[in-house]
Amino acid sequence: MDKRRAVVIGSGIGGLTAALALHRSGWQVTVLERAASLEPVGAGIGLAPNAQRALDVVGLGDEIRSLAAWRGEGGMRAPSGRWLARTDASAAAERFGGPLVLVHRSVLIDRIAARLPAAALRTGCPARLADPGTAGGAPAVVGTPTGTIEAELVVGADGIHSGVRSALFPDAPGPSYAGFTTWRVVVPAPDRPFPPHETWGRGALWGTQPLKDGRIYAYAAATAPAGARAADDEKAELLRRFGDWHDPVPGIIAATAPEEILRNDVYRMADPLPAFHRGRTVLLGDAAHAMAPTLGQGGNQAIEDGIVLAHHAAPGRDLGAGLAAYTADRLPRTAAVVRKADRVARLMSLTSAPAVAARDFLMATVSRLGPGLVLRTFDGIADWRPPGATYAAGTTEEAPGTRR
């Protein structure tokens, strides 16, 4: 019997994870990407233990853990350099069962894509959902420039402005502006070592984190009107906003070429969708639950989505029931993470001096009571474990970390 066919629209982290998990569970998978190559848009991504355990299911978890670069202390600071909260890598790993791993997005994309059959990836191929299909009935239909493709399953992994989402739920509220913009860079490490940190100011934050290859991933955020851009260039904008903050922030900005700075306004879906599926079509990642980056969980939740989808859509299971189970698993969890990310974003966005002083005092007080209190922000998120394994048919081995 021919394998059932799955079409994944979008080759981001969530789409490729879903494609690999579906492929390993026995589906014939095709990934359609409108861009000419798989070169990812973005800089770094933090993979928390929940995403690492999800990647265990497709054999990538230990490979990703080997890229961990954070050792020793780190924490949260004020622009003056004063520490507001301290923790360390071992405390985080002990609490959640693994380290926080910072990698360049291109590294993660390449390592997932390398495990897919070469014929599964079709770049330079924009796609649209023509028909979502009927679970247990007609197949889904995807339109491409060269014709239509019928599939037993279509995965909409086409990002925050998802065309698949609009086709499935045209009346649902779309993403809305979160009130702040972000900048991201990857630069060589400065000469003087520094502890990894995230620094919070008035309506602004800066983070500096090491990568395994010796470079530094730095990110910033600040309240700003939607669509605003620097009149000169984004390096000058970063200097205006962060140039007088503590070391190594000014040096990181100085080492960055203006054309290497990525700036993006933040949009998130404050109102959950009614479901993550319709017919034979399903949504994941930003297409389903775009969130503010303040918890660093956007890519992590997309990875979880892909693994859980493949689990519920395993060959031999009723697809309609499987997609309903996927929605039941993922919608409440991701909605809760979206809400928590919004709460953190509101704290970051405070601009009045009294409110910022009260926030910083609270952070410092909580930190003095114990680093575990700071880490509790990620309780229920970073300690997540995936459901049963999704290995290819005939494999009975259970993936590490899948036992509940």
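The values are calculated or read from the model by the stated rules, or taken from the named source; none is laboratory data. Here the structure is a predicted model, which is why all the values come from computation and not from measurement. When we count neighbours, we look across all protein chains shown, and the Cβ atoms used for this are built from the backbone with ideal geometry, even at glycine. Quick note on the areas: whole protein, heavy atoms, side chains included, nothing else; ligands and nucleic acids left out. Shrake-Rupley method; radii C 1.70, N 1.55, O 1.52, S 1.80 Å.
Return the whole-Å distance between the Cα centroid of segment 1-43 and the Cα centroid of segment 164-190. Value for the Cα centre distance between the two parts: 21 Å.
Here the simple spin-label model places points 7 Å from the Cα toward Cβ, and for Asp265 and Ser37 these points are separated by 3.0 nm. In the chain, the DSSP beta bridges split such that about 75 percent are antiparallel, to the nearest 5. Taking the 1.4 Å solvent-accessible surface of segment 44-190 as the whole, the part contributed by carbon and sulfur is 52%.
Averaging 1/r over each pair of different alpha-carbon atoms in segment 47-187 and inverting the result gives 19.4 Å, the Kirkwood hydrodynamic radius.
The angle between the Cα long axis of helix 13-24 and the main principal axis of the chain comes to about 40°, on a 0 to 90 degree scale.
Axis of helix 353-368 versus longest Cα principal axis of the chain: the two differ by about 80°, to the nearest ten degrees. As an equivalent ellipsoid, segment 267-330 spans semi-axes of 23, 13, 7 angstrom, where each value is the square root of five times an eigenvalue of the C-alpha gyration tensor, largest first.
Take every Cα pair under 8 Å whose residues are at least 6 apart in sequence, average their separation, divide by the length of the chain, and the relative contact order is 24 percent. Couplings 3J(HN,Hα) for segment 134-150, derived from phi with the Karplus relation 6.51 cos²θ - 1.76 cosθ + 1.60 (θ = phi - 60°), are 10, 4, x, x, 4, x, 6, 10, 10, x, 10, x, 9, x, 9, 10, 9 Hz, where x marks Gly and Pro.
Label reach from Thr123 (point 7 Å along Cα→C-beta): in segment 1-41, amide nitrogens under 18 Å belong to 8-17, 19-20, 30-41. Rounded to the nearest 10 degrees, the angle from helix 319-348 to the longest Cα principal axis of the chain is 10 degrees. Accessible surface area normalised per residue over segment 31-91 is 38 Å², counting heavy atoms of protein chains with a 1.4 Å rolling probe. Note on Thr377/Ala231: beta-carbon distance plugged into 1/(1 + (r/R0)^6) with R0 of 45 Å gives a FRET efficiency of 0.80. Scaling against 2.2 N^0.38 Å puts the C-alpha radius of gyration of the chain at 0.99. Taking a Cβ cut-off of under 11 Å around Ala255, the surrounding Lys, Arg, Asp and Glu residues balance to a net charge of 0, with basic ones at +1 and acidic ones at -1. In the chain, helices alone account for a calculated mean residue ellipticity at 222 nm of -9500 deg cm²/dmol, with every DSSP H run of four or more residues adding -39,500 (n - 2.57). In a reduced charge model with +1 at each Lys and Arg Cβ and -1 at each Asp and Glu Cβ, the chain shows a dipole moment near 640 debye about its Cα centre. Ligands, DNA and RNA excluded, the heavy atoms of Met363 present near 30 Å² of accessible surface to a 1.4 Å solvent probe. Heavy-atom accessible area, probed at 1.4 angstrom with all protein chains present, ranks Asp158, Asp360 as Asp158, Asp360, highest first. For segment 293-375, how big is Rg over Rh, using alpha carbon atoms and the Kirkwood form of Rh? Result: Rg/Rh = 1.20. Over segment 231-346, the pair-distance histogram of Cα-Cα distances with 5 Å bins from zero comes to 2, 10, 17, 14, 12, 11, 10, 7, 6, 5, 3, 1, 0 percent, rounded to whole numbers. Fully extending the segment from Ser80 to Asp171 would add 28.1 nm, taking 0.36 nm per residue of separation and subtracting the current Cα-Cα distance. Summary of packing: across the peptides 208-221, 162-175, the per-residue average of other C-beta atoms within 10 Å ranks them, highest first, as 208-221, 162-175. Average 1/r across all pairs of distinct alpha carbons in segment 25-95, invert it, and you get the Kirkwood radius: 15.8 Å. Largest first and in whole Å, the equivalent-ellipsoid semi-axes of segment 124-261 read 42, 18, 14, each the square root of five times a Cα gyration tensor eigenvalue.
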